[in-house]
1. Considering only segment 179-230, state which residues are touching a Lys or Arg at 6+ places or on another chain (Cβ under 9 Å) and over 30 Å from residue 5 (Cβ atoms).
2. Can you tell me which of (1) under 15 Å from the mean Cα position of the chain (by Cα); (2) closer than 19 Å to residue 204 by Cα; (3) surrounded by fewer than 17 Cβ atoms within 10 Å (Cβ to Cβ) is the one residue 282 doesn't meet?
3. Among (1) buried (at least 16 other Cβ atoms within 10 Å of the Cβ); (2) of a type outside the set (A, V, I, L, M, F, W, C); (3) within 17 Å of residue 170 (Cα to Cα), there is one condition residue 264 misses while meeting the rest; what is its number?
4. Any chance you could count how many residues in segment 240-255 are crowded, with 17+ Cβ neighbours inside 10 Å and either charged (D, E, K, R) or part of a helix (DSSP H, G or I) (or both)?
5. Determine whether residue 163 is modelled with pLDDT of 95 or more and surrounded by fewer than 21 Cβ atoms within 10 Å (Cβ to Cβ).
6. Give me a count of the residues in segment 199-218 that are open to solvent by less than 20 Å² (accessible area, probe 1.4 Å), touching a helix residue (DSSP H, G or I) at 6+ places or on another chain (Cβ under 7 Å) and part of a loop (DSSP other than H, G, I, E, B).
7. Residues being out of contact with any strand residue (DSSP E or B) (no Cβ under 8 Å at 6 or more places or on another chain) and under 29 Å from residue 130 (Cβ atoms): count how many of those fall in segment 193-227.
8. Conditions: (1) assigned to a loop (DSSP other than H, G, I, E, B); (2) open to solvent by 40 Å² or more (accessible area, probe 1.4 Å); (3) touching a residue at least 60 places away in the same chain (Cβ under 8 Å). Residue 125 meets all but one. Number of the miss?
Amino acid sequence: MQGFGMMIQKLKESPKKIVFTEGTDERILEAASRLLASNFLTPILVGNEEAVQAAAEEYGYNIRGAQIVDPENYDRMDEMINMFCELRKGKNVQPEEARKTLQSGNYFGTMLVKMGVADALLGGATYSTADTVRPALQLIKTKPGNKIVSSCFIMVRPSATGENEVLAMADCAINIKPTAEELVEIAIESAECGRIFGIDPKVAFLSYSTLGSGKGEDVDKMRTAAAMAKEQAPTLPIEGELQFDAAVSPRVARTKCPNNPVAGHANVFVFPDINAGNIGYKIAQRLGNFDAYGPILLGLNAPINDLSRGCNAEEVYSMAIITAALAD
């Protein structure tokens, strides 16, 4: 995939460190072994060193060169606790409570990113999405100007020309019923994420209506969001509201909205809610033969991403590259 080649080249030029919160998991160890062999990304594995080494030996993976960091025996733990208490002072968190919380790999790993020990984090092989996102919201927080964390899926399919067809779909995993203002944030962040994969973004705010052909509260929301996004990102090609066929089919677009620069050529799709988004990307994945990468979390001060608990080692490897490539 063109996007992965671009990301790997970027990482070769500026190698990163990525923390895995579940250091003894077989899938994590396999992916870490591959990354170490490729020599453009250093894995930091959270867990007891003996347990991690024993698991790697049992599964047959060479993790020589990986950093293994144990929350039970971390030489900067006092510094981490002090920073944690400062970040959570609004909740009046005390040092003993902080120490207990930081024994969990998800919180400990997130603090490694906050302290600059790691550039990015990938978790969720055994943790739920909430258990990955919660520490990120509490400790990493959203970027200046962003009010929410959102997500997108990057969809990839070989095309007849030999190059890959690459699309971005959002938000399919985090925000249940986003407001118009939140949809603007989702759209702009997804377009920026798409650029990393080589997408020249053209953003469609999707609906069951095309530029006023239908009426309803959801239509109004998408139309309003598209107008707001155009104001906030005047150089980004944006249109809405659009039906999906008008967004992707030049023939349909010529009929429904002729001479429109986005309609018929959209490659970043903003859905009105999580129902539509989750159903939409899975239809593309299962019936359209697209590979789905994500959910890629957007809007945070540092790259933090979540794995499916049903993931395989190949998905861990791919998501590690994506996550690290999002680091500045």
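1. Correct list: 179, 180, 181, 182, 183, 205, 207, 209, 210, 211, 212, 213.
2. Every condition holds for residue 282 apart from (1).
3. Answer for residue 264: the failing condition is (3).
4. 7
5. Taking the combined requirement at face value, the residue does not satisfy it.
6. 3
7. Selection size over segment 193-227: 5.
8. Checking residue 125 against (1) assigned to a loop (DSSP other than H, G, I, E, B); (2) open to solvent by 40 Å² or more (accessible area, probe 1.4 Å); (3) touching a residue at least 60 places away in the same chain (Cβ under 8 Å), the one that fails is (2).
The values are calculated or read from the model by the stated rules, or taken from the named source; none is laboratory data. Keep in mind it's a predicted model, so treat the numbers as computed, not measured. Cβ sites come from the backbone with ideal geometry, for glycine too, and all protein chains shown count toward neighbours. In case anyone asks, the SASA skips ligands and DNA or RNA and just uses the protein heavy atoms, side chains included. Shrake-Rupley method; radii C 1.70, N 1.55, O 1.52, S 1.80 Å.
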